[in-house]
Amino acid sequence: MANRKQNSTYSRNEKCITGCDLTYAIYMLGGRWKLLILDKLAERKMRYSELKKEFSYITERMLTLQLKTMEQDGLIKRTVYAEVPPRVEYELTDAARELEPILSQLSDWGNKQRKIAQQETAVSSPM
């Protein structure tokens with residue numbers, strides 16, 4: 001994959017956006033799959049093959065990219081065992097474990113908002 005130019009508009013905007021602590025946190029957690037991966041890894045260590053089965057709807061390339069990014073960001077730890085066939089396990093780092101209560105609250109908030117939206121849809125849709 002090609003590296004992005006440092007003076008591109010995207011790179012300059014990224015530097016400005018990540019200057020805010022809240023935006024930086026969202027930037028680290030952003031993306032379609034990161035929260036789902038964090039949620040699964042909160043339960044236990046998982047091998048790559050287990051993650052692949054759990055997220056069968058994600059392409060292997062996308063899963064690999066998300067895991068690499070999360071490892072670079074210090075959210076997950078990747079352990080490679082010198083075995084044949086190779087065994088790789090992923091687990092949350094302490095930094096990611098700090099997010100667990102926050103993500104739980106966010107999940108509760110999402111559940112509440114979904115129910116409100118469903119009630120509003122049911123009320124506005126005549127049978």
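The values are calculated or read from the model by the stated rules, or taken from the named source; none is laboratory data. Predicted, not measured: the structure shown is a model, and the values here were computed from it. All Cβ positions, even for glycine, are placed from backbone atoms using ideal geometry, and neighbour counts span all protein chains on display.
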Check your understanding: Which residue out of Arg114, Arg61 is within 26 Å of Gln6 (Cβ to Cβ), in a helix (DSSP H, G or I) and charged (D, E, K, R)?
Key -> Arg61
Point to revise | Members of region 74-111 that are assigned to a strand (DSSP E or B) and surrounded by fewer than 14 Cβ atoms within 10 Å (Cβ to Cβ) | key: Arg78, Thr79, Val80, Tyr81, Arg87
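Just to be sure I understand, how many residues within region 82-127 are within 29 Å of Met28 (Cα to Cα) and among the polar types (S, T, N, Q)?
Residues of region 82-127 that are within 29 Å of Met28 (Cα to Cα), as a first pass: 86-117.
Within this subset, residues satisfying the condition of being among the polar types (S, T, N, Q) are 93, 104-105, 107, 111, 113.
Of the residues in that region, 6 qualify.
Check Glu71, Glu50 and return the single one that is acidic (Asp, Glu), within 13 Å of the chain's Cα centre (by Cα), in a helix (DSSP H, G or I) and modelled with pLDDT of 85 or more.
Working: Glu50 fails: within 13 Å of the chain's Cα centre (by Cα).
One residue alone meets the criteria, Glu71.
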